[in-house]
1. If you average 1/r across every pair of different Cα atoms in region 1-117 and take the reciprocal, what Kirkwood value do you get, in Å?
2. Give me the 1.4 Å probe accessible area per residue for the chain, excluding ligands and nucleic acids, in Å².
3. With θ taken as phi - 60° and the coefficients 6.51, -1.76 and 1.60, list the Karplus ³J(HN,Hα) couplings across region 83-88 in order, rounded to whole Hz; mark glycine and proline as x.
4. Quick one: 3J(HN,Hα) in Hz for region 21-30, Karplus 6.51/-1.76/1.60 with θ = phi - 60°, rounded, Gly and Pro as x.
5. Kindly provide the helix-only [θ] at 222 nm of the chain, computed as the sum of -39,500 (n - 2.57) over DSSP H runs of four or more divided by all residues, to the nearest 500 deg cm²/dmol?
6. Report the gain in length on full extension from Ser20 to Glu80: 0.36 nm times residue separation, minus Cα-Cα distance, nm rounded to one decimal.
7. What residues qualify as long-range amide H neighbours of Val51, i.e. H under 5 Å apart, gap of 5 or more or another chain, H built at 1.01 Å from N?
8. Hey, can you grab everything whose amide H is under 5 Å from the amide H of Leu42? Only 5+ residues off in sequence or another chain; H modelled, so Pro and N-termini drop out.
Amino acid sequence: MLREIFDIQEGDPRSWETISHFPMKEAIERRRENYRYLLEHLPEKPGARPVFPELPEDVCPMFFPFLTENREALMKHLAERQIPPKVYWPVPPFVDVEAYPGAKYVYSHIMSVSCDERFTAEDMQKIVEAFEEFRK
C-alpha cells in the first residue's frame, strides 16, 4: 500500500526491506490493545472525553484522540510527565473557522496521545495516572 501511495518517491533498499518485513499483524493488535486499555481505564471527566468511544473490529488506531475543555493546561500537565501530547489538526490558514462554530470547537479542543505499537500497557497506565492526577 505504501508503494502505491508513495511510488513517485524512490525508496532505498533498506527501507523497502524494513517495510516488507514489518510485523503488521502484531502492530495492529498492540495498537488496538493500547486503545482499548485507555478506553477502559481513563477516568470519566467532563473536561476530557474520547472522540471515538468505541473501537470497531476493522479499525487500527494511530493515536487516541479526545476533546478537552482546557487543552493547554492538560498538554502542559502531560508534557511534565513525559507524555508527549499532540495536536494533529491545527487550523489551516485558508480555513475561516469563525464561520463554522462546530469546526472551531473541534480545532481548539482536540488533542491526542500516542497508543501505537511502541507502547505497552504500562505506558498506557502512565497516561491513565496522569489523567487521574489532572485537576485533582
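The values are calculated or read from the model by the stated rules, or taken from the named source; none is laboratory data. As the structure is a prediction and not an experimental result, all values here were calculated from the model. Heads up, the Cβs are rebuilt from the backbone with ideal geometry, glycines too, and the neighbour counts pull from every protein chain shown. Remember, those area values only see protein heavy atoms, side chains included, never the ligands or the DNA or RNA. Shrake-Rupley method; radii C 1.70, N 1.55, O 1.52, S 1.80 Å.
1. Numbers: mean 1/r = 0.0598 Å⁻¹.
16.7 Å is the Kirkwood radius here.
2. For the chain, the solvent-accessible area averages 70 Å² per residue.
3. For region 83-88, the Karplus curve yields 10, x, x, 10, 10, 7 Hz.
4. Each residue's phi maps through the Karplus curve to give 10, 5, x, 4, 4, 5, 5, 4, 5, 5 Hz.
5. Working: 6 runs with 63 residues, N = 136.
That comes out to -14000 deg cm²/dmol.
6. Numbers: separation 60, 0.36 × 60 = 21.60 nm, distance 3.71 nm.
17.9 nm is the gain from fully extending Ser20 to Glu80.
7. The answer is Phe66, Leu67.
8. none
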